[in-house]
Amino acid sequence: MLRSLTAGIVLAFAGSRANVARTILSCAGIVVGVGALVMVVTASDLGQRFATAYSEANAGRPATLQVTVFGQVTDRAAFEEDLLRAGGQDISVYHTPSETPMVRSGGSVVPEVQFLGVDTALGDIRRMNMAEGRWFTEADAESLAPVMVVNQPLADTLGDLTRVQVGTDQWMDVRVVGVLESSALDLGWYSAYLLRSPASDDLLFGSSSGTGGEGEEEGGPFAMMGTQTTYQVRIDPRDPAAQDPWGEVFTERLASASWRWGIEDTESISSHRADYAEEVEEIITYMSWGLTGIAVITLTTGLLGVLNVGLVTVRERRRELATYRALGASRSTLFVAVVMESVVVSLVAGIIALAGCWAAVTAGGAVLERFVSLPDDVPLNIPASGVLVGLGSAALVGLLAGIIPAMRALRASVVAGLRE
């Protein structure tokens, strides 16, 4: 069997080299079909990675909830404990100061800067695409000066980030440790993220802020927030609460212990999915199926072309095939030769299609970079799955297109073939 297989492959390569015109004709349809399929896989892979990166940067990683309490939370520590107990893996305060501080650098005040008080855990909840510097670390919470990350437009306007000051009634030096690429979640054109720490409590919560321990008085930070307390919480995507976009499951878990942090009316607790990972994945899936269907139709057309050429080839080569039989070639050797010739042609077409797709993707990536800034971990290239799908589909098409001509070649009469 191995000898027949080897002999059949040798004959297949010899037949392909001897009939270059026919080989090129067979390749045409396969090149288009495989190329379309590879481009579909590439576009789907890029779309999924880009959509995931965009979603994580602008709305949070799966599954991110935004929890809001309309009322005065009297015990911040208890509230955060219950957020973790309810299933939170990472939690971060998400607080807009009631009195927006002003920002200046070198005496030049920047108007209409939107501040957001956050914790270091927000970097685990959302993808932080840093243009410069870094996101907050736990060590920053011990800083004697407030620590801040600004978005790119604010950094460009401030200029010298080593002389930044913020304040309401009086100015205070702050440390800017990073510049964040702008995202859809920026509160305004100029956005600043201020790390919650003892040094920034007055800026975020007012001059009467305390430590936030149990039994916090009405002058504490959450009293200064007004009537709304907001956190972002990331939970396990497999958690049943993650399957509830309206957050009712998570809200019920919090409501059972709301008395611990001073909320008697459970209707004042609200939570919802802030990320849109599932919606993005669903859209990408539908688009991929649609594009794959088009590519499969194109590839099927190529299969029919190879099949038709294969049938014509067998008819034209009856004398040649009959001579092989007369010289002692077995039926299995001829069957493998005809099938493998079709497979070889299809694989050559697949390689040509991959080379064309690589050139197109390389050129497209160079053009795309001028208009769209892709994240560093979302390069435009042909994934390994695209190469496997392209070559695999080409080989499969060749195999399917070669079986019928091979069976017809075996049924042909040796004597009749030699008389031609």
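Some observations on this one:
Here is a yes/no grid of residues against (1) part of a helix (DSSP H, G or I); (2) within 21 Å of Y193 (Cβ to Cβ); (3) open to solvent by 10 Å² or more (accessible area, probe 1.4 Å):
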site: V38; (1), (2), (3): yes, no, no
site: R49; (1), (2), (3): yes, no, yes
site: V67; (1), (2), (3): no, yes, no
site: V73; (1), (2), (3): no, no, no
site: S98; (1), (2), (3): no, yes, yes
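- Residue check for R325: modelled with pLDDT under 90 and surrounded by fewer than 18 Cβ atoms within 10 Å (Cβ to Cβ): no
- Sub-8 Å Cβ pairs linking a first residue in segment 117-130 that is over 21 Å from D202 (Cα atoms) and modelled with pLDDT under 95 to a second residue that is part of a helix (DSSP H, G or I) and open to solvent by 20 Å² or more (accessible area, probe 1.4 Å), at least 6 apart or interchain, are R126/E56; R127/E56, ordered by first then second residue.
- Cross-chain or 6+ apart pairs with Cβ under 7 Å, segment 330-345 first and among the charged types (D, E, K, R), then modelled with pLDDT under 75 and surrounded by fewer than 24 Cβ atoms within 10 Å (Cβ to Cβ): R331/L410; E341/A12; E341/G15; E341/S16
- Condition broken by E81, with the remaining ones in (1) in contact with a helix residue (DSSP H, G or I) (Cβ under 9 Å, 6 or more places away or on another chain); (2) modelled with pLDDT under 90 satisfied: (2)
- Single match in G206, G220 (criterion: modelled with pLDDT under 50, open to solvent by less than 30 Å² (accessible area, probe 1.4 Å) and out of contact with any His (no Cβ under 9 Å at 6 or more places or on another chain)): G220
- Failed item, numbered, when V109 is tested on (1) free of Cβ contacts under 8 Å to residues at least 60 places away in the same chain; (2) in contact with a Pro (Cβ under 6 Å, 6 or more places away or on another chain): (2)
- Among (1) assigned to a loop (DSSP other than H, G, I, E, B); (2) modelled with pLDDT of 90 or more, the one test that P245 misses: (2)
- Of residues in segment 254-280 being charged (D, E, K, R) and surrounded by fewer than 15 Cβ atoms within 10 Å (Cβ to Cβ), the one modelled with the lowest pLDDT: E279
The values are calculated or read from the model by the stated rules, or taken from the named source; none is laboratory data. These numbers were taken from a predicted model, which means no experiment stands behind them. As a convention, Cβ positions derive from the backbone with ideal geometry for all residues, glycine included, and neighbour counts pool all protein chains shown. Surface areas here come from the heavy atoms of the whole protein model, side chains and all, with no ligands, DNA or RNA. Shrake-Rupley method; radii C 1.70, N 1.55, O 1.52, S 1.80 Å.
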